[in-house]
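Undergrad: Let me begin by handing over the structure; questions about it come next.
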Amino acid sequence: MKTLSLVRWLWLVVALALGACASTAPPTRPASWQAPEALVQPSAFKGVHGLAVDGRGRLLAASVVGNAIWEVDRQSGAAKVFIGGPQGQADDIAVGPKGELAWTAYLQGALHYRASDDAPIRELAKGLPGLNSLDFDRRNGKLYATQVFLGDALWEIDVAGVQPPRLIAKDLGGLNGFEVGPDGMIYGPLWFKGQVVKVDPADGKVTVINGDFKIPAAANLDGKGHLWVVDTRTGELSRVELASGRKTVVKTLNRAIDNLAIAPDGTVYVANMADNSVQAVNPATGEVRLLTGGKVSVPAGLKLEGDTLFVADVFSFRKVDVNTGAVADIFRMQSSDMEYPFAVGLSPTRFALTSWFTGSVQIVDRATLKTAAMIHGLKAPYDALLLPDGSVVFAEIATGTITQAWGADFQQRRVVASGLAGPVQMVLGRDGALYVTEAAGTLLRVALADGARTVLASGLALPEGLAQTPWGSFVVAETAARRLTEIDPASGAKRSIAENLPIGFEPGPGMPPPYVPTGVAVGGDGTVYFSADRDNGIYRVRPQR
């Protein structure tokens, strides 16, 4: 009996040892792949900003990154494109006294106008970077618009399109989502001063109504002597008495609320750019009803660490539990000094958030979530990686360079590689080299030491995100072909992983071709994760073995 027990014990030890070896061995290349499945469900917009209710009762919603105006059903929340891109790009929307529609194309620096649904779209103004908010004087049809962030001015726009814009005032402090009152005065927030004000369009005179806000983003009149204001820093929806300036917080919503509209029945609709959400608020009770929304807004670059997927979400920085799909905020717009992240890099102690829009790389301490360094003045950086020695490498698509930076505030720099044809995304391979996608259609290996480069694959269709698999190949998002492709670095052989994907969203005029980059990450079991810039979802593709 003892001998038999000993034998059984030895077999158990052997079996456990073999099981341990099997569990630590990297997975092998799969025979095929399963169909993509949503880890985080898609949503409308790509960041939602200005809102308006037109004379037919339609709730219209503006999206800058999404290059479109949407219509949202006020009962069901169903959303559909009302005016598509590129002419539909809108930061704010205004409805005129005769049903006219006008909107600001923030990234294009233009103002568009349509007299009716079946009328042609006309450009009333251009060459005004950062055109932000606008509204009609419903007494006489005059149209006013402001520049914010990329400028700071209030203009009168000729609806006939004959006269050039008339400058009313400049350096106001960021007159954002405003409304023209029945008295012809302009009521709105000063973003950079924490105030809501009244502006006389005749001479630009400013009268402060209330100065108790953090970052007021928009204000609307309710016709009952009140100004309703959204504060994007605090998430508060407040009511301000025009006569006294007294402020009452009606409801605290999520931060990054960006604009509002008041319907004829008094319902206050609020837009949140970080959640792709539109909420209906009862002004009497504060009751909130979600019409539409998402867990992410504009998912772009991805990095995976264990079971946590980090997402550069343009209006936020988030993490996703890949087991459950649960999404949690790390930062969201206006709650920190984050600057529109399009890509994320990881080290054990830091994050690197890259924004081509602001030309910056933000280095964040993971323990405190405080900014350790901010690198500004870059030429459309599309990605940055944190290296083991504490330095950072960043790829600038406008200069075709990859640069390594280190030292105090990362001011010491050397160019690792130049003459690249649009570097988009990078990963550090297990061999210590950089692997880079070029928008022109190649996957490169770049040696960090001397910049020596090797073309691993060419003829790719606008490759963007990439990641290395446990078995050594690379997965690349070919966004112009709307597919994921596996590439053998030794032979250059390609294999399609998934086709007809919701990726490859087209940029507006003057924007870099990758625009919102499709992020790619690969898990330890070989599961591929990718962000979808067409529908704002995050998907996974499991290996089939």
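Undergrad: Just checking, does region 410-429 include any residue being open to solvent by 60 Å² or more (accessible area, probe 1.4 Å), part of a strand (DSSP E or B) and closer than 23 Å to Val475 by Cα? Spell out the reasoning first.
TA: Within region 410-429, the subset open to solvent by 60 Å² or more (accessible area, probe 1.4 Å) is 411-415, 418-419, 428.
Add one more test, that the residue is part of a strand (DSSP E or B), and what stays is 412-415, 428.
Okay, now just the ones that are also closer than 23 Å to Val475 by Cα, so 428.
Yes, region 410-429 contains a residue that is open to solvent by 60 Å² or more (accessible area, probe 1.4 Å), part of a strand (DSSP E or B) and closer than 23 Å to Val475 by Cα.
Undergrad: Could you please give the count of residues in region 449-488 that are part of a loop (DSSP other than H, G, I, E, B) and without any contact (Cβ under 8 Å) to a residue 60 or more places away in the chain?
TA: 15
Undergrad: Could you check region 89-152 for strands (runs of 3 or more DSSP E) lying wholly inside it with 1 or more residues that are farther than 20 Å from Val48 by Cβ and not basic (Lys, Arg)?
TA: Details: elements: 92-95, 101-105, 110-114, 122-125, 131-136, 143-147.
Those strands (runs of 3 or more DSSP E) span 110-114, 122-125, 131-136, 143-147.
Undergrad: Same structure, new question: Which is over 26 Å from Val162 (Cα atoms), open to solvent by 50 Å² or more (accessible area, probe 1.4 Å), modelled with pLDDT of 95 or more and not in a strand (DSSP E or B), of Ala35, Ala15, Ala22? Spell out the reasoning first.
TA: Details: Ala15 fails: modelled with pLDDT of 95 or more; Ala22 fails: modelled with pLDDT of 95 or more.
The conditions single out Ala35.
Yes/no matrix, rows are residues, columns are (1) open to solvent by less than 10 Å² (accessible area, probe 1.4 Å); (2) touching a residue at least 24 places away in the same chain (Cβ under 8 Å); (3) more than 19 Å from Val270 (Cα to Cα); (4) part of a strand (DSSP E or B):
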residue	(1), (2), (3), (4)
Asp183	no, no, yes, no
Lys193	no, no, yes, no
Thr207	no, no, yes, yes
Ala217	yes, yes, no, yes
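Undergrad: Taking the condition more than 26 Å from Thr292 (Cα to Cα), in a loop (DSSP other than H, G, I, E, B) and open to solvent by less than 50 Å² (accessible area, probe 1.4 Å), does Ser43 pass? Break it down stepwise before answering.
TA: Details: more than 26 Å from Thr292 (Cα to Cα): no; in a loop (DSSP other than H, G, I, E, B): yes; open to solvent by less than 50 Å² (accessible area, probe 1.4 Å): yes.
Here the answer is no, as Ser43 does not meet what is asked.
Undergrad: Quick check on my filter: what residues within region 170-181 are small (Gly, Ala, Ser) and either in contact (Cβ under 8 Å) with a residue 60 or more places away in the chain or at positive phi (or both)? If you could, list the steps in order and put the result at the bottom.
TA: As a first pass, look at region 170-181 and keep what is small (Gly, Ala, Ser): 173-174, 177, 181.
Answer for region 170-181, where residues must be small (Gly, Ala, Ser) and either in contact (Cβ under 8 Å) with a residue 60 or more places away in the chain or at positive phi (or both): Gly173, Gly174, Gly177.
Undergrad: Being more than 30 Å from Gly109 (Cβ to Cβ) and of a type in the set (Val, Ile, Thr), is that true of even one residue in region 499-519? Lay out the reasoning, then the answer.
TA: Let us first name the residues in region 499-519 that are more than 30 Å from Gly109 (Cβ to Cβ), namely 499-501.
Now restrict to residues that are of a type in the set (Val, Ile, Thr): none.
No; the residues of region 499-519 include none that is more than 30 Å from Gly109 (Cβ to Cβ) and of a type in the set (Val, Ile, Thr).
Undergrad: Pairs please, first residue from region 491-516 and among the hydroxyl-bearing types (Ser, Thr, Tyr), second anywhere and assigned to a loop (DSSP other than H, G, I, E, B) and open to solvent by 30 Å² or more (accessible area, probe 1.4 Å), Cβ atoms under 7 Å, 6+ apart in sequence or on different chains.
TA: Tyr515/Phe505; Tyr515/Pro507
Undergrad: Then there is this: Could you identify the single residue in Ala395, Ala380 that is open to solvent by less than 10 Å² (accessible area, probe 1.4 Å) and in contact (Cβ under 8 Å) with a residue 24 or more places away in the chain?
TA: On the way: Ala380 fails: open to solvent by less than 10 Å² (accessible area, probe 1.4 Å).
Step by step, each of Ala395, Ala380 is checked, and only Ala395 is open to solvent by less than 10 Å² (accessible area, probe 1.4 Å) and in contact (Cβ under 8 Å) with a residue 24 or more places away in the chain.
Undergrad: Follow-up. Could you tell me how many of the residues in region 505-545 are assigned to a loop (DSSP other than H, G, I, E, B), of a type outside the set (Asp, Glu) and open to solvent by 30 Å² or more (accessible area, probe 1.4 Å)? Spell out the reasoning first.
TA: Filtering region 505-545 down to residues assigned to a loop (DSSP other than H, G, I, E, B) leaves 505-519, 523-527, 532-537, 542, 545.
Keeping just the survivors that are of a type outside the set (Asp, Glu) gives 505, 507-519, 523-524, 526-527, 532, 534, 536-537, 542, 545.
Narrowing the set further to residues that are open to solvent by 30 Å² or more (accessible area, probe 1.4 Å) leaves 505, 507, 509-511, 513, 524, 534, 542, 545.
Residues in region 505-545 being assigned to a loop (DSSP other than H, G, I, E, B), of a type outside the set (Asp, Glu) and open to solvent by 30 Å² or more (accessible area, probe 1.4 Å): 10 in total.
Undergrad: Moving on. Would region 313-333 turn up any residue that is at pLDDT below 95, open to solvent by less than 40 Å² (accessible area, probe 1.4 Å), more than 14 Å from Leu386 (Cβ to Cβ) and assigned to a loop (DSSP other than H, G, I, E, B)?
TA: Checking region 313-333: at least one residue is at pLDDT below 95, open to solvent by less than 40 Å² (accessible area, probe 1.4 Å), more than 14 Å from Leu386 (Cβ to Cβ) and assigned to a loop (DSSP other than H, G, I, E, B).
Undergrad: Within region 430-481, count every residue that is open to solvent by 40 Å² or more (accessible area, probe 1.4 Å) and of a type in the set (Phe, Trp, Tyr).
TA: 1
Undergrad: Also: If I go through region 236-257 residue by residue, how many of them are closer than 20 Å to Ile209 by Cα and open to solvent by less than 20 Å² (accessible area, probe 1.4 Å)?
TA: Of the residues in region 236-257, 4 are closer than 20 Å to Ile209 by Cα and open to solvent by less than 20 Å² (accessible area, probe 1.4 Å).
Undergrad: Still on this structure, I have one more. When only residues in region 275-298 that are free of Cβ contacts under 8 Å to residues at least 60 places away in the same chain and in a strand (DSSP E or B) count, which is least open to solvent (accessible area, probe 1.4 Å)? Spell out how you get there, then give the answer.
TA: If we filter region 275-298 for residues that are free of Cβ contacts under 8 Å to residues at least 60 places away in the same chain, which is where we start, we get 275, 279, 281-282, 284-289.
This time we only want the ones that are in a strand (DSSP E or B), so: 279, 281, 288-289.
Details: Gln279: 37, Val281: 1, Val288: 50, Arg289: 98 Å².
Step by step, filter region 275-298, then rank; the result is Val281.
Undergrad: Does Leu369 satisfy being at pLDDT 95 or above, crowded, with 21+ Cβ neighbours inside 10 Å and not in a strand (DSSP E or B)?
TA: So Leu369 does not fit the description; no.
The values are calculated or read from the model by the stated rules, or taken from the named source; none is laboratory data. Model, not experiment: these values are computed from the prediction. When we count neighbours, we look across all protein chains shown, and the Cβ atoms used for this are built from the backbone with ideal geometry, even at glycine. Just so you know, the surface numbers come from the protein's heavy atoms only, side chains and all, with ligands and any DNA or RNA stripped out. Shrake-Rupley method; radii C 1.70, N 1.55, O 1.52, S 1.80 Å.
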